[in-house]
Amino acid sequence: MFSNLSEKLLQTFKSLRGHGRLSEANISDALREVRLALLDADVHFAVAKEFIAKVKERAMGEEVLLSVTPGQQIVKIFQDELTTLLGGDNVPLQFGKPTRILIVGLNGAGKTTSSAKLARLLKNPSLFSSMQGTTARSPMLVSLDLVRPAAIEQLATLGSQIEVPVFRPSPEEKDVLAAARRSISWCETEGGNVEIYDTAGRREIDDDLVGELVQLKELLRPQEILLVCDAATGQQAVSVAEKFHAALGLTGLILTKLDGDARGGAALSLRSVTGQPIKFAGVGEKVEQFEPFHPGRLAGRILGMGDIVSLVERAAEAVEMEEMSSLEARMKSSSLDLEDFLAQLRMIRRMGPLENLLGMIPGAASIPNPAVHGKELQRVEAIILSMTPGERKRPEILNARRRQRIARGSGNSVTEVNNLLLKFGQMKKLAKNTGKMKKMMSQMQSRSAFGGIQGLAPNQPTTNRLPWQ
Ligand SMILES: Nc1nc2c(ncn2[C@@H]2O[C@H](COP(=O)(O)OP(=O)(O)O)[C@@H](O)[C@H]2O)c(=O)[nH]1
Ligand SMILES: [Mg+2]
């Protein structure tokens with residue numbers, strides 16, 4: 001599923017990632033590739049066109065062009081836009097008293113199977129990680145498929161498997177409305193709170209089918225009319241969905257057979273063409289192979305990159321590692337200056353608010369008032385920024401007069417400036433000792449990196465001393 005599209009997108013991203021800076025030209029080339037890949041994967045051309053336009057508009061924004069990792073930013077934009085295209089967040093069912101859900105669709109789409117799967121899900125929401133805390137319902141299944149006699153038995157079998165009661169019209173029944181009326185009173189005596197109505201399909205959507213379903217809708221007044229769509233039928237599923245929606249006013253879709261090798265672009269078009277959310281996904285024949293539909297997850301799968309967030313994080317780490325090793329080289333050659341120190345400081349600040357970082361470090365709760373440590377970093381940065389580039393390169397020229405100027409300029413006392421220079425001197429001395437340096441580097445990499453700066457900051461508390469202290 002989606003492998004074709006994923007592969008193409010992946011290739012395109014790889015080539016984008018190679019570029020240090022993005023330009024309109026290389027983005028346009030990549031997006032042309034992506035558009036072809038989308039069309040190839042059965043995405044409706046209008047949908048693909050709009051999608052590409054949105055991605056391009058965001059990709060050309062400053063935020064991306066000026067970023068250190070533009071390729072990663074683009075991947076993130078894709079993920080966001082795909083998620084939006086697929087409907088944003090999962091849209092839960094609407095419940096009533098009682099809740100009535102009408103399941104509609106063409107033959108073989110997976111209506112009967114999905115009706116049972118949905119009943120199981122509503123009965124045992126705790127089996128689904130994303131539904132923890134959702135109220136368990138007591139569902140009832142109603143077969144209203146009088147066209148294919150075997151369909152009633154099929155639902156009855158599934159019902160007994162999941163221990164959900166099933167209404168079975170008599171085999172002689174030919175009037176679907178009569179059967180539906182009887183099922184309503186059956187449900188009342190059964191005493192459950194969610195009624196799921198499985199209906200008959202047709203080979204294709206026709207007046208006969210639409211007429212039957214419109215009458216059922218009027219009789220049942222369901223809160224939900226869910227169209228079951230076979231993902232494997234590609235563009236056909238999209239035009240079918242459009243027609244069903246025009247005739248009935250759907251409230252959502254169930255996309256089945258997402259486990260198959262379908263090209264899957266249909267999923268991307270369904271939401272934008274009908275304006276209705278995909279609420280559930282069928283991912284196999286078994287009754288447990290069914291899940292609430294999460295656009296973000298499918299978007300991740302389409303991109304073929306799993307959890308994009310962790311990917312972006314890893315990329316950010318890689319950049320930091322690169323900067324770190326060039327810094328290490330400079331330290332070894334003992335040409336370390338305050339510019340390097342500032343670079344190190346900024347690198348560490350990029351990892352996010354210190355308070356958050358502290359929360360991730362075991363034992364950090366014992367460090368008093370982390371916000372103060374964040375301010376210390378700002379102070380160090382302010383002091384260095386108040387120096388001229390020459391002073392940063394050669395701190396030894398910082399005489400008393402210069403130190404006074406820097407203190408005033410950065411809103412600190414001369415003692416604080418002196419403290420910083422003292423710590424810097426110690427660090428520089430230590431930098432010559434490569435063995436200890438390695439140890440410090442590995443400590444920095446294990447995310448206690450801010451400790452390095454903290455250790456160099458003025459008014460450093462005497463706890464948490466680092467190797468060079
Ligand atoms: N692989 C796979 N098969 C499915 C899925 N949903 C339904 N099916 C199969 O599709 C076929 C038709 O399903 P059925 O529920 O009878 O369709 P209906 O005619 O719409 O009621 C059956 O063989 C199901 O087992 C799914 O999500 N994945
Ligand atoms: Mg059926």
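The values are calculated or read from the model by the stated rules, or taken from the named source; none is laboratory data. Keep in mind the model is a prediction, meaning the values are calculated, not measured. In this analysis, Cβ positions are derived from the backbone assuming ideal geometry, glycine residues included, and neighbour counts consider all displayed protein chains. For accessibility, only protein heavy atoms count, side chains too; no ligands or nucleic acids. Shrake-Rupley method; radii C 1.70, N 1.55, O 1.52, S 1.80 Å.
Descriptive notes on the structure:
- Applying a threshold of 19 Å to the alpha-carbon distances of LYS97/LYS217; LYS111/LYS217; LYS97/LYS243; LYS117/LYS286; LYS174/LYS257 flags LYS97/LYS243; LYS174/LYS257 as lying beyond it.
- Ranking by accessible area, most exposed first, for ASP42, ASP175 with a 1.4 Å probe: ASP175, ASP42
- Percentage relative contact order, the range 99-294, counting C-alpha pairs under 8 Å, at least six apart: 26 percent
- Cα gyration tensor shape of the range 99-294, rounded if a/c is under 1.5, else prolate or oblate by comparing a/b with b/c: oblate
- Cut-off under 5 Å, modelled amide H: who pairs with THR256 long-range: CYS229, ASP230, ALA231, GLY282
- Efficiency of FRET between GLU50 and GLN215 - r from beta-carbon atoms, R0 41 angstrom, step 0.05: 0.65
- The range 131-159 versus the range 189-267: alpha-carbon centroid distance in Å: 15 Å
- LEU36-ASP175 pseudo-label distance in nm [points 7 Å out on the Cα-to-Cβ vector]: 6.1 nm
- All other residues whose Cβ lies under 11 angstrom from that of LEU209 are scored, Lys and Arg at +1 and Asp and Glu at -1, for a net of -2.
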